[in-house]
Amino acid sequence: MTATSAEALPAGPSESGDDADFWQALDEHRLALPRCTACGAWRQVGTATCPACWSFDIAWDDVSPIGTVYTWVRTHRDFMSELDVKAPYVTVLVQLDDVPVRLLGLLVGGDEIAIGDRVSGVFQKPGNSDWTILRWEKSV
Amino acid sequence: MTIRGAAAVVGVADLHHPRGKAPRSERGMLVEAVVAACRDAGISPRDVDGFTSYAGGDNSGPVLAAELGIRELRWSTMVWGGGGGGSAASIVTAAAAIASGQADCVVAVRSMAQAATGRLGYAKYYFDHQYLPHGVATPAHVCALRTQRLLEHDGVPRSAMRNLVLAAYHHAQANPDAAAYGKPLTAEAYDESAYIVEPFHLYDCSRENDGAVALVLVSAERARQLDVTPAYVIGGAQGSVGAYAARNENDAAYTTAGGSGTDDSPGVASRVWQQAGIKPSELDVVQVYENFSGPAVASLMDHGLCPAGPASGDFLTLDNLIAPHGVLPVNTSGGNVADSFVNGMGLAVEAVRQIRGTSSNQIGTGVDTSLYIGGPMAPIHSSVLLGSATTL
Ligand SMILES: [Zn+2]
């Protein structure tokens, strides 16, 4: 950690380390998601076991950061002083095309959005963050 | 074995103050509420032998037992899964302890003081790094995400949310104890109020109070010996189906409140109706926890109290939602948005008042069924159905 001020963006691996590969991949501008090597089920980032077969065996597969807006919100107040953008800002929940996983992220490059809009991932490292964050912009 | 009719709420206390204006500590307010609820029931606090609560906190059963000087603590249970989702479950857990003979007199309690909880706004302690870097940092955010899809994808009209709020404000005008007493709300003022987290306007959001609430439960047999109208617990459930949780943006039942079921798992709402042997259409009155209006609408749908999708707008009209003549009066004290908010437990007290016939918006004499639905779109969901002696 280098950005240790109170205003550093809350990001990066948890203490358990179960999500370390996710954050490492983002820093290499890849989206990697966990998959059970025993049964093949896609898992949630940061969980300890596979809820389909209870295996601990895990692989991190590269996934294309392209998908469709499942839902969204527009925040009108600055709840977080550490966030590098100011209200109003839009957060989207993206249903990925290639895997049955939804991911949250800030919308960049515009603020008009609707459910069903196509979006693609943008890797950004805010000035107050030690970690790269996956954000989303509308596909042209 | 069932809890149906085994226990009853016989004493209540709802002591609330403006946020930040607690007259004493959370623990002090808790003790005050327990003593007041026992007085309401005509029971000595020394006879209490159990405590239940939800949403965490340090004021555990043993702590309260020592403060109150009770004879013997026999039941001390915290419902797991923070937030108000477990609020109704704390009442059901008290009833379960009595039904199974583990305890005789159990008090479901909750207290909040802003000075102790530091609630409101940013919940850094609650959300992890799959949420915070994306500006998702409050309960309003996660509820807004689901509500936006409820509106835009499922076709629930804005009027459903608006009318739930307007009904609460309407009821508050007859409740001198409500924060919005003397402050009626119009549809125009609702629409023109600022967005907090879109789709939530200011008026879609609950209040936040300091205070304490307590409900005293005893066996049905003992209840009949007291000089009160018992509100019998005739159904109750807690839990969630599948991986439903406030911090799971991947769950299948995304736009529900967490109380619906699947083909092979009935869910909280169905289990409550089944235990009680009552159909949703037979319900007299409902108090539904509105952390935000949208999730409360989803709760009504989960419980089969209003149709899903666009048709919900036909049912959730102001006329249908207000006492005394509405088809389904909701939040008759003003609820979390217009009365007060002590983690939603004041709504449970109002559910008891309707059975007793003492609500400021009493829907009539002889109320037989009164439902309290706990916090929606939360880590856990729960609801409890209260009934008059007629329902036994
Ligand atoms: Zn597996």
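The values are calculated or read from the model by the stated rules, or taken from the named source; none is laboratory data. For clarity, every value in this text was computed on a predicted model and none was experimentally measured. Counting neighbours? That spans all protein chains shown, and the Cβs are built from the backbone with ideal geometry, glycine included. Surface areas here come from the heavy atoms of the whole protein model, side chains and all, with no ligands, DNA or RNA. Shrake-Rupley method; radii C 1.70, N 1.55, O 1.52, S 1.80 Å.
Solvent exposure of B:GLU188, expressed as accessible area, is near 110 Å², computed with a probe of 1.4 Å over the protein chains only.
For segment B:284-319 and segment B:60-113, compute the distance between their C-alpha centroids and round to whole Å. With segment B:284-319 and segment B:60-113 each reduced to a Cα centre, they are spaced 29 Å.
For chain B, count all C-alpha to C-alpha pairs, find those more than 40 Å apart, and express that count as a whole percent of the total.
Here the tail beyond 40 Å accounts for 8 percent of pairs.
Can you tell me what share of the DSSP beta bridges in segment A:18-140 is antiparallel? A percent to the nearest 5 is fine. Bridges in segment A:18-140 that DSSP calls antiparallel: roughly 95 percent. As an equivalent ellipsoid, segment A:13-63 spans semi-axes of 19, 13, 6 angstrom, where each value is the square root of five times an eigenvalue of the C-alpha gyration tensor, largest first.
With viscosity set to 1.567 mPa s and temperature to 4 °C, compute the Stokes-Einstein D of chain A, Rh being the Kirkwood radius across alpha carbon pairs; µm²/s, no decimals. In µm²/s, the coefficient rounds to 81. The Cα center of segment B:198-272 and the Cα center of segment A:65-127 differ in position by 31 Å.
Computed 3J(HN,Hα) for segment A:40-55, one whole-Hz value per residue from the Karplus formula 6.51 cos²θ - 1.76 cosθ + 1.60 where θ = phi - 60°, is x, 5, 6, 10, 7, 5, x, 8, 8, 9, 8, x, 8, 9, 6, 6, glycine and proline marked x.
Just tell me how shielded A:75-85 is by partners: mean number of partner chain Cβ atoms within 10 Å of each residue's Cβ, no decimals.
Per-residue shielding by partner chains comes out at 6.
Antiparallel as a % of all DSSP beta bridges within chain B, to the nearest 5? Taking every DSSP beta bridge with both residues in chain B, the antiparallel ones total about 75 percent. For the options B:LEU68, B:LEU347, B:LEU164, a Gaussian network treatment of chain B with springs between C-alpha atoms closer than 10 Å singles out B:LEU68 as fluctuating the most. All other residues whose Cβ lies under 15 angstrom from that of B:GLN275 are scored, Lys and Arg at +1 and Asp and Glu at -1, for a net of +2. Three semi-axes describe the equivalent ellipsoid of the protein assembly as shown; taken as square roots of 5 times the Cα gyration tensor eigenvalues and ordered largest first, they are 40, 25, 22 Å.
Mean-square fluctuations from a GNM of chain A, with a 10 angstrom spring cutoff on Cα atoms, peak among A:LEU31, A:LEU107, A:LEU83 at A:LEU83. Listed by chain and number, the lysines whose alpha-carbon sits under 19 Å from that of B:LYS124, ignoring those within fewer than 8 places in the same chain, are A:LYS86. A run of chain A free of exposed loop cleavage sites, with chymotrypsin sites (Phe, Trp or Tyr not before Pro) counted only in DSSP states other than H, G, I, E and B and at most 16 other beta carbons within 10 Å, reaches its longest extent at A:57-140.
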